[in-house]
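Q: My structure is below; once you've seen it, I'll send some questions.
The values are calculated or read from the model by the stated rules, or taken from the named source; none is laboratory data. Remember, predicted model here, so these are calculated numbers, not experimental data. Cβ placement follows ideal geometry from the backbone for every residue including glycine, while neighbour counts extend to all protein chains displayed. Heads up: the accessible areas ignore ligands, DNA and RNA and are worked out on the full protein's heavy atoms, side chains in. Shrake-Rupley method; radii C 1.70, N 1.55, O 1.52, S 1.80 Å.
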Amino acid sequence: MSNTLDSQIEDGCAVLTGYRRTFQAGNNGSINSISDRGTQLPGHREIDKLGQNRDSVYFRDGVRRIDFVLSYVDDKDGDKKAERRREFEANLEKAGLELETEDKSESDDRKTYYLKIHAPWEVLATYADVLKIKVPFKASDIPKAREVPLEWLTHPFRLPDNIMRPEPDYFTAPFDKSKVDFFLIDDKDTFFPPSTRNRIVYYILTRCPYYKEDRKEKDKTGINRLLNNGTYTSAYPLHDCKYWKKAQDMQCESERYHLYKYWARFLCFYKEQPLNLIKKYYGEKIGIYFAWLGFYTEMLFFAAVMGVICFVYGVLSYEDNITSKEICDPKIGGMIVMCPLCDKKCSYWKLNSTCLSSWQSHLFDNEGTVFFAIFMGIWVTLFLEFWKRRQARLEYEWDLVDFEEEQQQLQIRPEYELKCTGRRLNRITQEMEPYLPFPSKCARFCLSGATVLFWVMACIMGVIAYRLAVYAAFASIMKDSPTSKIQLVGSLITPQLATSVTASCINFVIILILNFLYEHVAIWITDMEIPKTHLEYENKLTMKMFMFQFVNYYSSCFYVAFFKGKFVGYPGNYTYMFGKWSKLRNEECAPGGCLIELTTQLLIVMAGKQMVGNVQEALLPLLRNWWGSRKGRSHPESTYSRWEQDHDLQNFSQFGLFYEYLEMVIQFGFITLFVASFPLAPLLALFNNILEVRVDAWKFTTQFRRPVAAKSRNIGAWEEILNVVAILSVVTNAFIMAFTSDMIPRLVYLYAYHPGDEATMRGYITNSLSLYNISQIPESNLPEAGENPSCYRDYRYPPGHEKQYTHNMQFWHILAAKLAFIIIMEHVVFVVKFFVAWLIPDVPTEVKARIKRERFLVQEYLHNYEVEKLKMQLIRYFNIIKLNNSLKNNDFGVC
């Protein structure tokens, strides 16, 4: 495919060689050629002095549109780079592009040259044919959707119709240069929109060589290589105007201004997004991101409402929490002495010291949480299925139904060609191409996998070791307090609370540091694997970055949810994480369970990430934008050119959208994997995303250069990641409700072990504790001061029993109930998920019908077009024959 397109492009270049259109604007001069770059055109200097408006997207003649701009500076390696530029620009001219250079004396910094590029109609038509770009051939005859009842309620959220639908609806077909009159071409200069024009020019730039004709060096090809070696400093298409005011040229669409006015301002947060205008200006790839982000935010509203209802239920049932009342009661919780939380340094403590945390735990650990966990399992399915339908509709509306990955995504990466010295025959193209031998590929894959595994395990073990060390340190701080005073101190600060909060805060700081490290490690590992194509490189990097981020953000939450308090042992036989020599005893959960600690961990990491992210994305660029705006608005338009204004903006990198997706997918994991512990997580995500949409829009319209328009029919590898997270979330929430929450033990006690005939939770606390004879504790575990006897959280036989300190029958009943709950919940949610997925088709019936109709019309119109064309040819043929016969008869008559 690549070589076929190469040959087509070479043929196109040959056809277009020598093609030029010379425009004259009075006596103002013409375009600068390669040879006269340093010379001054007649009258050019005088026009600038007279105040010519340089804030324009046109050449000096005011006719030809600037489709792309390259910038460069003179430096110490100037001769070599100048030679590359000379060859590259000569080849661009051979490809039919028209060039115009702005001398550095005209630039604001007096050292930067700007090369403006224009693609004439012949070039655009040739490459539109090569790239099979779809263009309109007939106005759509499908009636618009009827207004639904109460549609007037949505009017405050609507945007003007010319903003929501900047282009009429058309039926489209791939462009064919030989059938130009088949398409709806009113004006060749505006037939291809600017986004399509810059996409075509960028396609040429990435494939144009910069070697001489007599020396064919395949590696010396493309603008990306020239940017990497410093030959050019930047390459970018132009914004069409300033974002704060419309362009003075009436031919200019001022789409950037409309995007800023109706989309990028925060005061528009309640308005719908102008997705069609975003697609038209930035291309389908960026449009599909904002469509997904907006849809995700809309769906978060329903999850946030249910989460608030669940939380409100916990608040309203606050006074009915018998368990917390017993813990806080001085005659019950105040009389129960608990075993030390660590060896030697920790003292005994009273149960009512956990009074505050038990009340807090009830807000999130109640009957409503079970319902909410099941709801979120179904919500995830609805979100993914409805997104598939929205995506299918956008694919049709944006002409992406038959779209194949762009050639620049599938072409071989230059790094692959340089590092793979072996060559083999490509069975399709029948040409020799570089390849990576299987043993080398296998070795690189194994090394990559081992590196990823090492970093993952190191991160997990580091988090656990840190938490155990901090836990022992905070517990020992209170060792000097006599038991009678622990109640007062512990009601404010307990070792569990201190460890949870500080570990979460410090862990979040470490997460931010490791993010920077993980990014470089992921890029290094991906480079080491030497992916063949750009698409393969992006997908591999996506998976590795997500894996690292997954471990980085979620490892501490997984530890608290599924390991903390599960493998503690009992007094005299405690379990140690790294053996007894480490003296790091496994953490215990509070009598009310570990759920409140998981909530604390999730809240701090999730909220902290959102706050830091918004500061990085909004406040820092805002200061930069303030300074840039002062510079831009202080310059008169006659001197501060459009290409210089865009040059001063930030470059939108190849992985710009990658980090935006990654941020949102990590958030998606927070609100699905651990949502049973914090029902308000969707509400936090909703508030963040409302801000995120406008911050991202503001960055694109004010901070970034205009990205090269790129096509994409979906969100790529992120869709598979979301599906995996959605399935995993059902399992994690089921385990959280069973093993992290105290819900199942309470229900078992309520229905099987409560004293008397009345089902009540009275006595649950004493029932959930086991006794231990302190006199039997080993000296290594014995605290410096003690009381006898003491309690610990477990279901074991008391001292003196024939099976003392082994699990009693209630423990096994609770374990069976937990496993049964997991099985039932998972099966119920999965059955509903698969039923909903089956019930909701991925492509709406209406869209299927439109696709079929459009394909039918394309075939019908092409058939009629060919028939009419044949008729016209036959008519001309017969007319010529008749004319010849007539001439012959006339000649005979004269004779």
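Q: How large is the accessible surface of C442 in square angstrom, using a 1.4 angstrom probe and rounding to the nearest 10?
A: In the full protein context, C442 sits at about 60 Å².
Q: Something else now. Can you give me the pair-distance distribution of region 246-364, C-alpha pairs, 5 Å bins, whole percents?
A: Bins of 5 Å from zero give 2, 9, 11, 11, 9, 7, 6, 6, 6, 6, 7, 7, 5, 4, 2, 1, 1 percent of pairs.
Q: Whole-Hz Karplus ³J(HN,Hα) for region 799-811, in order, using 6.51 cos²θ - 1.76 cosθ + 1.60 and θ = phi - 60°, x for Gly and Pro?
A: Working through the residues one at a time gives x, x, 6, 4, 10, 4, 6, 9, 5, 8, 5, 4, 4 Hz.
Q: Quick one: net charge around P745, please, counting Lys, Arg +1 and Asp, Glu -1 for every other residue with C-beta under 12 Å from its C-beta. Don't jump to the answer; show the numbers that get you there.
A: Details: positive: R746, R793, K818; negative: D365, D742, D794.
Residues near P745 contribute 0 overall.
Q: Mind listing the phi-derived Karplus ³J(HN,Hα) values for region 368-383, rounded to whole Hz, using 6.51, -1.76 and 1.60 with θ = phi - 60°, and x for any glycine or proline?
A: 3J(HN,Hα) across region 368-383, in whole Hz: x, 5, 4, 4, 5, 4, 5, 4, 5, x, 6, 4, 4, 5, 4, 4.
Q: Using the Cα gyration tensor of region 648-781, with a ≥ b ≥ c the square roots of its eigenvalues, what is the shape: rounded (a/c below 1.5), prolate (a/b larger than b/c) or oblate (neither)? Don't skip to the end; give the middle numbers.
A: Numbers: a/c = 3.48, a/b = 2.78, b/c = 1.25.
Taking the square roots of the gyration eigenvalues as a ≥ b ≥ c, region 648-781 is prolate.
Q: Could you list which residues have their amide H under 5 Å from that of V135, counting only those 5 or more apart in sequence or on another chain, with H placed in the peptide plane?
A: A173, F175
Q: Taking amide H atoms as placed 1.01 Å from N in the peptide plane, list the residues 5 or more away in sequence, or in a different chain, whose amide H sits under 5 Å from that of Y170.
A: Counting only residues 5 or more places away or on other chains, the set is S140.
Q: How high is the FRET efficiency between D187 and E122 when r is their beta carbon distance and R₀ equals 25 Å, given to the nearest 0.05?
A: Details: r = 16 Å, r/R0 = 0.62.
It comes to 0.95.
Q: Also, I was wondering about something else. Taking a spot 7 Å from the Cα of F687 along the direction of its beta carbon, which residues of region 279-310 have an amide N less than 19 Å from it?
A: In region 279-310, the label zone of F687 (backbone N under 19 Å from the point 7 Å along Cα→Cβ) covers 297-310.
Q: Taking the Cα-to-Cβ direction at E298 and at D79 and moving 7 Å from each Cα, how far apart do the two end points lie in nm?
A: Placing both labels 7 Å along Cα→Cβ, they lie 6.3 nm apart.
Q: For region 58-129, which GluC sites (Glu not before Pro) are in a loop by DSSP, counting at most 14 other Cβ atoms within 10 Å?
A: For GluC sites (Glu not before Pro) across region 58-129 that sit outside H, G, I, E and B with at most 14 neighbouring Cβ atoms in 10 Å, the list is empty.
Q: Here's a follow-up. Please work out how much length the chain gains when fully extended from F445 to K111, using 0.36 nm per residue of separation minus the C-alpha to C-alpha distance, in nm with one decimal.
A: On the way: separation 334, 0.36 × 334 = 120.24 nm, distance 4.63 nm.
Fully extending the segment from F445 to K111 adds 115.6 nm.
Q: Once phi is turned into θ = phi - 60°, what whole-Hz ³J(HN,Hα) does the Karplus curve with 6.51, -1.76 and 1.60 give for every residue of region 439-446, x standing for Gly and Pro?
A: For region 439-446, the Karplus-derived couplings read x, 5, 4, 5, 5, 5, 5, 5 Hz, x marking Gly and Pro.
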